[in-house]
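One structure below.
A short reminder: the numbers here are calculations on the coordinates, not readings from a lab. Since the model is a prediction, treat every value here as computed from it, not as a measurement. Positions of Cβ are backbone-derived with ideal geometry, glycine not excepted, and every protein chain shown enters the neighbour counts.
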Amino acid sequence: MTIEVRNLVKKFDSFKALDGVDLKVDNGELLALLGPSGSGKTTLLRIIAGLDWPDSGDVAFNGEDALAQGARERHVGFVFQHYALFRHMTVFENVAFGLRVQPRAIRKDESTIRARVTELLDLVQLDWLADRYPSQLSGGQRQRIALARALAIEPRILLLDEPFGALDAKVRKELRRWLRSLHHEINVTSIFVTHDQEEALEVANRVVVMDKGRIEQIGSPDDVYETPATAFVHGFIGESIELPVKIEGGVIRLGDRPLRLAADGLAPGASRLFVRRHDMLVGPPGSGAFEGAVQHVRNFGPVQRAEVALSGGETIEIDAPRDRELRAGDTIGLEPRRYRIFAGA
Amino acid sequence: MTMQIADSVSLSAPDAKVRAHAAAARNSLRTEPRAVRIVIIALAMTFLSVFVVLPLVVVFAQAFSKGILAYLAALTDPEALSAIKLTLVVAAISVGLNLVFGLVAAWAIAKFEFRGKTFLITLIDLPFSVSPVISGLVFVLLFGAQGYFGSWLRDHDIQILFAVPGIALATTFVTFPFVARALIPLMQEQGTQEEEAAISLGASGLQTFFRVTLPNIKWGVLYGVLLCNARAMGEFGAVSVVSGHIRGETNTMPLLVEILYNEYQFVAAFAIASLLAMLALITLIAKTVLEHHLDEGHDASDH
């Protein structure tokens with residue numbers, strides 16, 4: 001099933017949750033919608049599911065207008081952030097729900113339903129919990145039951161809202177890997193929403209980065225990390241150093257200090273320079289584009305994180321390998337191995 | 001949740017000494033001297049006995065003062081039977097209506113956002129804030145011979161005042177808030193996610209209501225119905241205004257108690273009153289049971 005979203009706009013009172021969103025999702029893809037809270041990613045997911053309606057724009061499944069159908073007809077599996085398991089039903093009945101509410105004409109008989117539910121519980125490896133109630137399960141177990149319940153209706157599309165948001169770090173990592181292999185197995189077009197970049201980059205085939213109701217970039221995890229399209233994406237994904245610079249007469253300045261960086265092709269005016277923390281290479285004083293004094297050093301496993309006051313007035317944090325120990329008070333030169341400059345203050 | 005945390009803390013404590021310290025700390029929080037504590041508890045107990053237990057005892061003592069046969073005779077008197085029947089009918093009608101109204105109102109308030117919602121919430125409480133006598137008078141104004149619909153009703157030969165419909169209407173009005181009040185906070189807390197989940201799984205509106213919404217609020221519904229029923233059977237003021245006190249026809253139990261009492265038929269008056277008192281006791285017990293279930297529901301959704 002392919003999904004096509006065209007020029008979607010959705011307002012809540014005066015707040016623009018979606019501000020002209022276009023998106024194409026290929027068949028069998030596992031797509032991540034990544035963005036900070038309030039970026040519109042959950043609203044987009046809910047509109048695709050039919051739980052919300054846009055003010056304008058189109059949604060098509062396999063080229064067919066989806067907005068003409070209600071959530072009930074769309075055959076979309078939705079996994080809610082807080083799972084929304086039916087609290088008065090056992091795990092088994094939760095998973096069976098979608099099969100039991102089918103119109104009489106196509107409803108399966110009881111033994112078929114039982115077999116299907118058992119099969120799904122096997123798939124999420126929780127068959128031993130069939131008789132429990134949701135309140136008796138751990139967060140990770142509820143998550144998997146919610147997924148099994150959504151899969152019971154053999155959805156054409158699977159949508160997951162912050163699937164790992166409410167779980168602790170260890171369970172989260174396990175479930176990520178599990179979700180990816182499950183997707184590989186069932187191969188349903190899937191979209192999940194997350195505000196956790198690591199999650200998006202690790203699980204998804206493609207990542208859609210959103211901010212303020214707009215799509216900032218669509219690309220593979222490598223694309224969005226290595227070649228961020230906008231300042232927002234660079235700042236949001238990976239740990240970035242952000243410096244306000246000015247481009248004047250072919251020179252890039254930080255404060256009033258010119259930087260030894262090429263300004264070819266850059267528009268004059270206030271801009272922002274982005275460098276990954278680990279892309280700042282440390283050299284002797286006088287080498288590199290920047291110069292600064294080490295203020296403070298802490299060790300994080302294989303790297304040392306140093307706070308450096310740049311001449312030019314900004315203080316930044318860099319991650320340097322530990323082969324050359326830095327000490328507070330050292331004066332060092334810094335050369336960005338890779339950097340990007342975006343126009344605008 | 002907090003209890004579990006407290007438990008795990010005390011379990012992980014290395015020895016009994018820590019626990020002893022904790023107990024000492026708890027005790028030192030109660031700074032009142034022993035005497036003060038005893039006086040306060042005694043005051044509360046005395047107040048409760050004089051104002052709650054004593055009247056209850058008096059009701060039953062008076063009812064049985066001429067023996068059990070007189071008691072039974074009073075209850076099987078045709079007038080008494082008619083009052084009991086009328087009370088049951090009126091309670092059934094008003095509880096039924098308020099169950100539907102209350103569900104609809106609570107649903108609308110808890111699950112949708114719309115203009116005038118605050119106004120609606122305020123309006124639901126109106127019957128609680130208005131004196132029941134006024135509530136009764138409103139219906140006299142509307143349906144009485146001189147009222148707005150009076151002549152039309154007379155032309156069509158429909159009797160509302162001084163008949164069962166009027167009593168049922170007044171009772172329904174007075175007891176309207178109970179079901180809605182019990183359900184609104186419950187439904188607001190539960191939100192709409194389970195309903196959304198049901199619909200996305202292919203359930204129709206009715207299936208969603210009967211399989212998801214209703215089971216989730218059933219204890220709240222029972223709680224509201226219970227209180228609504230207790231008030232409907234016990235309502236005096238509003239019913240008194242619209243009933244007309246026609247003996248054997250439009251007297252409910254509370255009205256009959258007053259009439260019999262004014263006629264110095266104490267045994268009969270207290271016999272009927274004892275039925276109302278028993279209703280109160282049963283309501284109290286059922287209420288405690290339901291509150292227990294409601295609390296459990298909260299705990300389950302807490303995790």
Residue-normalised 222 nm signal for chain B, counting each DSSP H run of n ≥ 4 as -39,500 (n - 2.57), nearest 500 deg cm²/dmol, is -25000 deg cm²/dmol
Whole-percent tail of the Cα-Cα distance distribution for the stretch A:1-62, cut at 14 Å, equals 54
Dividing the mean separation of Cα pairs under 8 Å (6+ apart) by the residue count of chain A yields a relative contact order in percent of 16
The equivalent-ellipsoid semi-axes of chain B, taken as the square roots of five times the Cα gyration tensor eigenvalues and listed largest first in whole Å, are 43, 33, 17
With the convex hull built on the alpha-carbon atoms of the stretch A:273-333, volume per residue in Å³ sits at 76
Among A:K11/A:K173; B:K117/B:K218; A:K11/A:K246; B:K111/B:K287; A:K10/B:K218, the pairs whose Cα-Cα distance exceeds 32 Å are A:K11/A:K173; A:K11/A:K246; A:K10/B:K218
Both in Å, the radius of gyration and Dmax of the C-alpha trace of the stretch B:133-201 are 19.5, 56
Within the set B:I199, B:I109, B:I84, GNM on chain B using Cα springs under 10 Å gives the largest fluctuation to B:I199
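Between exposed chymotrypsin sites (Phe, Trp or Tyr not before Pro) in chain B, where DSSP calls loop and at most 10 other Cβ atoms lie within 10 Å, what's the longest gap? Before the final figure, lay out the partial values.
Working: sites that count: B:F112, B:F114, B:Y264.
Maximal segment without exposed cleavage sites: B:115-263.
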Taking Cα pairs closer than 8 Å and at least 6 residues apart, the relative contact order of the stretch B:109-220 in percent is 28
Counting only DSSP loop positions in the stretch A:116-148, the trypsin sites (Lys or Arg not before Pro) whose Cβ has at most 16 other Cβ atoms within 10 Å are A:R132
Expressed in angstrom and rounded, the centroid-to-centroid distance over alpha carbons for the stretch B:101-135 and the stretch B:46-79 is 38
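Anything in chain B that counts as a DSSP H helix reaching 30 Å or more along its axis (C-alpha) with Kyte-Doolittle mean of at least 0.5? List them, would you? Each step should come with its number before you reach the end.
Working: long enough: B:78-111 (48 Å, 1.59); B:266-302 (53 Å, 0.97).
Both cut-offs are met by B:78-111, B:266-302.
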For the stretch A:157-240, one quarter of the surface area of the C-alpha convex hull, expressed in nm², comes to 5.8
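Please identify the GluC sites (Glu not before Pro) of the stretch A:281-345 that satisfy two criteria: DSSP loop assignment and at most 12 other Cβ atoms within 10 Å. Which are they? Please report the intermediate quantities before stating the final value.
Numbers: sites: A:E291, A:E307, A:E314, A:E317, A:E325; in loops: A:E314, A:E325.
Answer in residue order: A:E325.
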Counting only DSSP loop positions in the stretch A:250-345, the trypsin sites (Lys or Arg not before Pro) whose Cβ has at most 16 other Cβ atoms within 10 Å are A:R260, A:R322, A:R324, A:R327, A:R337, A:R338
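Report the gain in length on full extension from A:D22 to A:D168: 0.36 nm times residue separation, minus Cα-Cα distance, nm rounded to one decimal. Display every interim value, and only then the final one.
Numbers: separation 146, 0.36 × 146 = 52.56 nm, distance 3.34 nm.
Gain on extension, A:D22 to A:D168, equals 49.2 nm.
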Mean per-residue count of partner chain Cβ within 10 Å for A:80-90 equals 5
Given Cβ charges of +1 for Lys and Arg and -1 for Asp and Glu, the option among A:A84, B:A286, B:N98 whose Cα lies farthest towards the positive end of the dipole of the protein assembly as shown is B:A286
The alpha-carbon center of the stretch B:181-213 and that of the stretch A:3-75 are separated, in whole Å, by 23
Quick P(r) readout (the stretch A:58-148; Cα-Cα; 10 Å bins; whole %) gives 16, 41, 30, 13, 1
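If you take the beta carbon distance between B:I41 and B:L284 as r and set R0 to 25 Å, what does 1/(1 + (r/R0)^6) give as a FRET efficiency, to the nearest 0.05? Mind showing how you got there, number by number?
On the way: r = 22 Å, r/R0 = 0.86.
For B:I41 and B:L284, the calculated efficiency is 0.70.
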Correct response: the longest run of chain B lacking exposed GluC sites (Glu not before Pro), defined by DSSP loop and at most 12 other Cβ within 10 Å, is B:114-262
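Report the equivalent ellipsoid semi-axes for the protein assembly as shown in whole Å, largest first, defined as the square roots of five times the eigenvalues of the gyration tensor built from alpha carbon atoms. Mind showing how you got there, number by number?
On the way: eigenvalues 902, 216, 138 Å².
So the three semi-axes of the protein assembly as shown are 67, 33, 26 Å.
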Per principal axis, largest first, the Cα atoms of the stretch A:98-227 extend in Å by 53, 34, 27
Partner shielding of A:96-104, as the mean number of partner chain Cβ atoms within 10 Å, equals 4
Gyration tensor (Cα only) of chain A to equivalent ellipsoid, semi-axes in Å sorted down, yields 48, 24, 14
The set of residues whose placed amide H lies less than 5 Å from the amide H of A:I157, leaving out same-chain residues fewer than 5 positions away, is A:G77
Of the residues A:L8, A:I48, A:L31, the Cα lying farthest along the dipole of the stretch A:1-124 towards its positive end, which is defined by charges on the beta carbon of Lys, Arg, Asp and Glu, belongs to A:I48
Rounded to one decimal in nm, the spacing of the 7 Å Cα→Cβ label points at B:F51 and A:R132 is 4.9
With +1 at each Lys and Arg Cβ and -1 at each Asp and Glu Cβ, the charge dipole magnitude of the protein assembly as shown around its Cα centre, to the nearest 20 debye, comes out at 900
